Amino acid sequence: MQQVTETQAVDFQKQIDELKKKVSMLEGMNQDQLSIAVVSGDFDKVLAAMVISLGAAAMDMEVKLFFSFWSLAALRDPKKKAHGKNFVSKMFGIMLPKGKDKLKLSNMNMGGMGPKMIKSIMKKHGVLSLEEMFKQAGEFGIEITICEMSMDLMGIKKEELIDYPNLRFAGAVTFAGDAGESSAQLFI
Amino acid sequence: MTQEELLTIKADTSVDARGTSCPGPLLAAKKAIGTIEKGQIMEVLSADEGTRNDIPKWCNKKGFECLGTVEESGFYKIYLKK
(Lines give C-alpha, C1' and ligand atoms only; values in the text may rest on other atoms or scores of the structure.)
Protein backbone atom coordinates (compact mmCIF):
# COMPACT_ATOMS: atom_id res chain seq x y z
CA MET A 1 0.00 0.00 0.00
CA GLN A 2 1.23 3.40 -0.88
CA GLN A 3 1.23 5.89 1.88
CA VAL A 4 -0.74 9.07 1.23
CA THR A 5 1.02 12.00 2.73
CA GLU A 6 -0.86 14.73 4.48
CA THR A 7 -0.03 17.32 1.83
CA GLN A 8 -1.35 14.99 -0.86
CA ALA A 9 -4.61 14.50 1.04
CA VAL A 10 -5.07 18.23 1.42
CA ASP A 11 -4.37 18.62 -2.28
CA PHE A 12 -7.02 16.05 -3.19
CA GLN A 13 -9.55 17.72 -0.95
CA LYS A 14 -8.84 21.02 -2.65
CA GLN A 15 -9.35 19.51 -6.10
CA ILE A 16 -12.57 17.82 -5.06
CA ASP A 17 -13.92 21.06 -3.62
CA GLU A 18 -13.08 22.88 -6.83
CA LEU A 19 -14.83 20.23 -8.93
CA LYS A 20 -17.89 20.34 -6.69
CA LYS A 21 -18.05 24.09 -7.17
CA LYS A 22 -17.82 23.73 -10.94
CA VAL A 23 -20.50 21.03 -11.08
CA SER A 24 -22.93 23.07 -9.01
CA MET A 25 -22.27 26.02 -11.31
CA LEU A 26 -22.97 23.92 -14.39
CA GLU A 27 -26.15 22.56 -12.83
CA GLY A 28 -27.39 26.05 -12.21
CA MET A 29 -26.57 27.10 -15.73
CA ASN A 30 -28.70 24.67 -17.65
CA GLN A 31 -32.08 24.29 -16.12
CA ASP A 32 -34.73 22.17 -17.70
CA GLN A 33 -36.20 25.26 -19.25
CA LEU A 34 -37.31 26.52 -22.64
CA SER A 35 -37.05 30.15 -23.63
CA ILE A 36 -38.72 31.42 -26.78
CA ALA A 37 -38.40 34.87 -28.26
CA VAL A 38 -41.69 35.35 -30.09
CA VAL A 39 -41.21 38.20 -32.52
CA SER A 40 -43.53 37.29 -35.41
CA GLY A 41 -47.16 38.26 -35.21
CA ASP A 42 -48.38 35.78 -37.82
CA PHE A 43 -51.06 33.35 -36.80
CA ASP A 44 -49.04 30.28 -37.82
CA LYS A 45 -45.93 31.39 -35.98
CA VAL A 46 -47.68 32.32 -32.76
CA LEU A 47 -49.48 28.98 -33.02
CA ALA A 48 -46.17 27.15 -33.41
CA ALA A 49 -44.78 28.97 -30.36
CA MET A 50 -47.79 27.97 -28.27
CA VAL A 51 -47.83 24.32 -29.41
CA ILE A 52 -44.14 23.92 -28.63
CA SER A 53 -44.58 25.67 -25.29
CA LEU A 54 -47.45 23.42 -24.25
CA GLY A 55 -45.53 20.34 -25.36
CA ALA A 56 -42.55 21.43 -23.29
CA ALA A 57 -44.76 22.24 -20.31
CA ALA A 58 -46.30 18.77 -20.57
CA MET A 59 -42.73 17.45 -20.38
CA ASP A 60 -42.43 19.39 -17.12
CA MET A 61 -40.07 21.97 -18.54
CA GLU A 62 -40.24 25.53 -17.30
CA VAL A 63 -41.36 27.66 -20.22
CA LYS A 64 -40.64 31.35 -20.60
CA LEU A 65 -42.00 33.30 -23.54
CA PHE A 66 -40.66 36.67 -24.49
CA PHE A 67 -43.08 38.58 -26.70
CA SER A 68 -41.72 41.45 -28.69
CA PHE A 69 -42.51 43.52 -31.76
CA TRP A 70 -45.19 42.12 -34.09
CA SER A 71 -46.22 39.38 -31.68
CA LEU A 72 -47.61 42.00 -29.29
CA ALA A 73 -50.68 42.17 -31.53
CA ALA A 74 -51.51 38.64 -30.36
CA LEU A 75 -51.67 39.85 -26.77
CA ARG A 76 -54.16 42.65 -27.41
CA ASP A 77 -57.57 42.20 -25.92
CA PRO A 78 -60.18 43.25 -28.52
CA LYS A 79 -62.62 44.19 -25.77
CA LYS A 80 -60.28 46.61 -24.06
CA LYS A 81 -59.47 50.18 -25.04
CA ALA A 82 -56.51 52.36 -24.19
CA HIS A 83 -56.77 56.12 -23.89
CA GLY A 84 -54.37 58.99 -24.29
CA LYS A 85 -52.52 57.72 -27.35
CA ASN A 86 -50.88 60.10 -29.78
CA PHE A 87 -51.70 60.15 -33.51
CA VAL A 88 -49.00 57.70 -34.63
CA SER A 89 -49.85 55.22 -31.86
CA LYS A 90 -53.51 55.44 -32.80
CA MET A 91 -52.68 54.71 -36.45
CA PHE A 92 -50.55 51.73 -35.38
CA GLY A 93 -53.39 50.57 -33.22
CA ILE A 94 -55.74 50.62 -36.17
CA MET A 95 -53.34 48.82 -38.50
CA LEU A 96 -52.20 46.10 -36.11
CA PRO A 97 -54.42 43.03 -35.68
CA LYS A 98 -56.64 43.46 -32.65
CA GLY A 99 -55.97 40.26 -30.77
CA LYS A 100 -54.97 36.67 -31.52
CA ASP A 101 -58.19 35.99 -33.39
CA LYS A 102 -57.33 38.61 -36.00
CA LEU A 103 -53.78 37.50 -36.83
CA LYS A 104 -52.80 36.91 -40.44
CA LEU A 105 -51.12 33.89 -41.96
CA SER A 106 -47.51 34.35 -43.04
CA ASN A 107 -48.40 32.53 -46.25
CA MET A 108 -51.66 32.17 -48.16
CA ASN A 109 -53.43 34.80 -46.11
CA MET A 110 -55.66 35.61 -49.11
CA GLY A 111 -57.23 38.66 -47.54
CA GLY A 112 -58.28 36.82 -44.41
CA MET A 113 -59.62 33.71 -46.16
CA GLY A 114 -56.53 31.67 -45.21
CA PRO A 115 -56.83 32.06 -41.42
CA LYS A 116 -60.55 31.27 -41.60
CA MET A 117 -59.83 28.06 -43.50
CA ILE A 118 -57.01 27.03 -41.17
CA LYS A 119 -59.16 27.65 -38.11
CA SER A 120 -61.96 25.49 -39.47
CA ILE A 121 -59.49 22.70 -40.32
CA MET A 122 -57.95 22.98 -36.84
CA LYS A 123 -61.38 22.65 -35.28
CA LYS A 124 -62.11 19.59 -37.39
CA HIS A 125 -58.85 17.95 -36.29
CA GLY A 126 -59.39 18.76 -32.64
CA VAL A 127 -56.45 21.16 -32.41
CA LEU A 128 -56.92 23.63 -29.56
CA SER A 129 -57.65 27.19 -30.66
CA LEU A 130 -55.11 29.91 -29.84
CA GLU A 131 -57.51 31.20 -27.19
CA GLU A 132 -57.62 27.79 -25.50
CA MET A 133 -53.86 27.38 -25.82
CA PHE A 134 -53.25 30.65 -23.97
CA LYS A 135 -55.66 29.48 -21.27
CA GLN A 136 -53.81 26.16 -20.94
CA ALA A 137 -50.48 27.97 -20.91
CA GLY A 138 -51.70 30.10 -18.04
CA GLU A 139 -52.75 26.99 -16.11
CA PHE A 140 -49.34 25.42 -16.65
CA GLY A 141 -47.64 28.49 -15.30
CA ILE A 142 -45.98 29.40 -18.58
CA GLU A 143 -44.54 32.85 -18.12
CA ILE A 144 -45.07 35.57 -20.69
CA THR A 145 -42.72 38.52 -20.63
CA ILE A 146 -43.57 41.53 -22.73
CA CYS A 147 -40.86 43.70 -24.13
CA GLU A 148 -41.47 47.22 -22.81
CA MET A 149 -39.53 48.82 -25.60
CA SER A 150 -41.70 47.14 -28.24
CA MET A 151 -44.80 48.34 -26.46
CA ASP A 152 -43.59 51.90 -26.75
CA LEU A 153 -42.67 51.44 -30.40
CA MET A 154 -45.99 49.87 -31.35
CA GLY A 155 -47.94 52.31 -29.21
CA ILE A 156 -49.55 49.49 -27.23
CA LYS A 157 -50.54 50.19 -23.64
CA LYS A 158 -50.76 47.83 -20.69
CA GLU A 159 -54.50 48.41 -20.24
CA GLU A 160 -55.31 46.93 -23.65
CA LEU A 161 -53.51 43.61 -23.07
CA ILE A 162 -55.16 40.28 -22.35
CA ASP A 163 -55.70 39.02 -18.82
CA TYR A 164 -53.01 36.41 -18.33
CA PRO A 165 -51.92 35.04 -14.96
CA ASN A 166 -48.14 35.19 -15.43
CA LEU A 167 -47.62 38.38 -17.36
CA ARG A 168 -44.61 40.53 -16.68
CA PHE A 169 -42.89 43.43 -18.35
CA ALA A 170 -39.17 43.55 -18.94
CA GLY A 171 -36.43 44.14 -21.45
CA ALA A 172 -33.83 42.34 -23.51
CA VAL A 173 -31.66 41.69 -20.46
CA THR A 174 -34.41 39.55 -18.92
CA PHE A 175 -34.65 37.45 -22.05
CA ALA A 176 -30.88 37.10 -22.29
CA GLY A 177 -30.80 36.05 -18.65
CA ASP A 178 -33.65 33.54 -18.98
CA ALA A 179 -32.25 32.18 -22.24
CA GLY A 180 -28.85 31.76 -20.63
CA GLU A 181 -30.28 29.52 -17.91
CA SER A 182 -32.38 27.50 -20.36
CA SER A 183 -31.48 24.21 -21.91
CA ALA A 184 -33.32 25.20 -25.09
CA GLN A 185 -33.83 28.55 -26.76
CA LEU A 186 -35.92 29.36 -29.80
CA PHE A 187 -36.56 32.42 -31.89
CA ILE A 188 -39.86 32.53 -33.69
CA MET B 1 -43.90 -6.17 -24.33
CA THR B 2 -45.36 -8.19 -27.17
CA GLN B 3 -48.68 -7.33 -28.79
CA GLU B 4 -50.32 -10.40 -27.18
CA GLU B 5 -49.17 -9.32 -23.73
CA LEU B 6 -50.37 -5.77 -24.36
CA LEU B 7 -53.82 -7.02 -25.35
CA THR B 8 -54.22 -8.75 -21.98
CA ILE B 9 -53.39 -5.62 -19.97
CA LYS B 10 -56.11 -4.24 -17.79
CA ALA B 11 -55.48 -0.54 -17.35
CA ASP B 12 -56.26 1.17 -14.03
CA THR B 13 -57.30 4.29 -15.85
CA SER B 14 -58.03 5.22 -19.42
CA VAL B 15 -57.63 8.57 -21.12
CA ASP B 16 -59.62 9.07 -24.27
CA ALA B 17 -57.90 11.83 -26.23
CA ARG B 18 -59.13 10.79 -29.64
CA GLY B 19 -60.90 14.09 -30.20
CA THR B 20 -57.73 16.16 -29.91
CA SER B 21 -54.53 16.67 -31.86
CA CYS B 22 -50.99 17.40 -30.75
CA PRO B 23 -50.32 18.39 -28.00
CA GLY B 24 -53.83 17.57 -26.71
CA PRO B 25 -53.27 13.87 -25.93
CA LEU B 26 -50.10 14.59 -23.97
CA LEU B 27 -51.83 17.33 -22.00
CA ALA B 28 -54.66 14.91 -21.22
CA ALA B 29 -52.15 12.24 -20.17
CA LYS B 30 -50.32 14.70 -17.95
CA LYS B 31 -53.56 15.62 -16.20
CA ALA B 32 -54.59 11.99 -15.72
CA ILE B 33 -51.26 10.69 -14.46
CA GLY B 34 -51.81 12.53 -11.19
CA THR B 35 -54.90 10.43 -10.47
CA ILE B 36 -53.08 7.07 -10.40
CA GLU B 37 -50.61 5.55 -7.98
CA LYS B 38 -47.08 4.40 -8.67
CA GLY B 39 -47.13 0.96 -10.27
CA GLN B 40 -50.60 1.42 -11.78
CA ILE B 41 -51.22 1.28 -15.49
CA MET B 42 -52.74 3.95 -17.70
CA GLU B 43 -53.88 3.68 -21.27
CA VAL B 44 -54.03 6.66 -23.60
CA LEU B 45 -56.28 6.52 -26.63
CA SER B 46 -55.16 8.82 -29.39
CA ALA B 47 -55.95 9.21 -33.06
CA ASP B 48 -52.86 11.35 -33.49
CA GLU B 49 -49.92 9.35 -34.75
CA GLY B 50 -47.37 11.74 -33.26
CA THR B 51 -48.59 10.82 -29.76
CA ARG B 52 -47.26 7.34 -30.31
CA ASN B 53 -43.74 8.77 -30.30
CA ASP B 54 -44.38 11.58 -27.85
CA ILE B 55 -45.67 9.42 -24.99
CA PRO B 56 -42.52 7.21 -24.78
CA LYS B 57 -40.36 10.37 -24.71
CA TRP B 58 -42.49 11.80 -21.95
CA CYS B 59 -42.37 8.50 -20.00
CA ASN B 60 -38.63 8.38 -20.36
CA LYS B 61 -38.27 11.82 -18.92
CA LYS B 62 -40.73 11.30 -16.07
CA GLY B 63 -39.42 7.87 -15.18
CA PHE B 64 -42.58 6.01 -16.17
CA GLU B 65 -42.41 2.76 -18.03
CA CYS B 66 -43.91 2.84 -21.52
CA LEU B 67 -45.26 -0.64 -22.14
CA GLY B 68 -46.12 -0.32 -25.81
CA THR B 69 -48.76 0.59 -28.35
CA VAL B 70 -51.68 -1.35 -29.76
CA GLU B 71 -52.91 -0.17 -33.12
CA GLU B 72 -56.68 -0.16 -33.48
CA SER B 73 -58.57 0.93 -36.56
CA GLY B 74 -58.08 4.69 -36.73
CA PHE B 75 -56.47 5.16 -33.32
CA TYR B 76 -53.75 3.95 -30.98
CA LYS B 77 -53.83 2.59 -27.46
CA ILE B 78 -50.64 3.48 -25.65
CA TYR B 79 -49.93 1.77 -22.33
CA LEU B 80 -47.72 3.06 -19.59
CA LYS B 81 -46.92 2.20 -16.01
CA LYS B 82 -46.41 4.96 -13.48
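Straight-line reach from residue A:14: which lysines have a Cα under 28 Å away, not including same-chain ones fewer than 8 places off? Partners found: A:22.
Placing unit charges on each Cβ (+1 for Lys and Arg, -1 for Asp and Glu) gives the range A:31-187 a dipole about its Cα centre, and among A:73, A:54, A:146 the Cα reaching farthest toward its positive end belongs to A:73. Atom-type composition of the exposed protein surface of the range A:126-188 places 57 percent of the accessible area on carbon and sulfur (1.4 angstrom probe). Taken across both chains, chains A and B shield about 1200 Å² of accessible surface from a 1.4 Å probe. Of all aspartates and glutamates in the structure, those lying under 14 Å Cα to Cα from residue B:31, and not within fewer than 8 positions of it along the same chain, are A:60, A:139, B:16, B:43. In chain A, Cα pairs under 8 Å separated by at least six residues give a relative contact order of 34 percent.
Charge dipole (Cα centre; +1 on Lys/Arg Cβ, -1 on Asp/Glu Cβ; no other charges) of the protein assembly as shown amounts to roughly 1300 debye. Sequence-distant contacts, meaning Cα pairs under 8 Å at least 6 residues apart, place the relative contact order of chain B at 34 percent. Taking a straight Cα-Cα cut-off under 13 Å and skipping sequence neighbours fewer than 8 places away in the same chain, the aspartates and glutamates within cross-link reach of residue A:79 are A:101, A:159, A:160, A:163.
For the residue pairs A:90/A:124; A:102/B:81; A:135/B:62, the alpha carbons lie more than 31 Å apart in A:90/A:124; A:102/B:81. Solvent exposure of residue A:122, expressed as accessible area, is near 20 Å², computed with a probe of 1.4 Å over the protein chains only. From most to least packed by mean Cβ count within 10 Å, the peptides A:63-70, A:154-161 give A:63-70, A:154-161. Mind jotting down the distance between the C-alpha centroids of the range A:100-139 and the range B:1-60, whole Å? About 27 Å separates the Cα centre of the range B:1-60 from the one of the range A:100-139.
Checking the a/c ratio against 1.5 first, then a/b against b/c, what shape does the Cα gyration tensor give for the range A:24-135? Oblate, since a/c reaches 1.5 and b/c is not below a/b. Taking 4.7 Å between C-beta atoms as the pairing limit, chain B has these partnerless cysteines: B:22.
Computed on the range A:83-175, with alpha-carbon pairs under 8 angstrom and 6+ residues apart, the relative contact order is 30 percent.
Just so you know, the Cα atoms of the range B:3-81 work out to an Rg and Dmax of 11.2, 30 Å.
If you sort A:100, B:57, A:79 by accessible surface, 1.4 Å probe, largest first, the order is A:79, B:57, A:100. With a/c under 1.5 counting as rounded, go ahead and sort chain A into rounded, prolate or oblate using the C-alpha gyration tensor (a ≥ b ≥ c being the square roots of the eigenvalues; past the cut-off, prolate if a/b is larger than b/c, else oblate). Because a/c hits 1.5 or more and a/b exceeds b/c, chain A counts as prolate. With protein chains left intact and a 1.4 Å probe, residues in chain A average 60 Å² of accessible area per residue. Panel note: contact residues of the range B:37-58 (accessible area lowered by at least 20 Å² against the chain on its own; 1.4 Å probe) correspond to B:58. Of all DSSP bridge pairs formed entirely within the range B:3-81, close to 75 percent run antiparallel.
The values are calculated or read from the model by the stated rules, or taken from the named source; none is laboratory data. No experiment lies behind these values; they were computed from the predicted model shown. So basically every Cβ, Gly included, is an ideal-geometry build from the backbone, and we count neighbours across all protein chains shown. Protein only, heavy atoms only, side chains kept; ligands, DNA and RNA dropped before computing areas. Shrake-Rupley method; radii C 1.70, N 1.55, O 1.52, S 1.80 Å.
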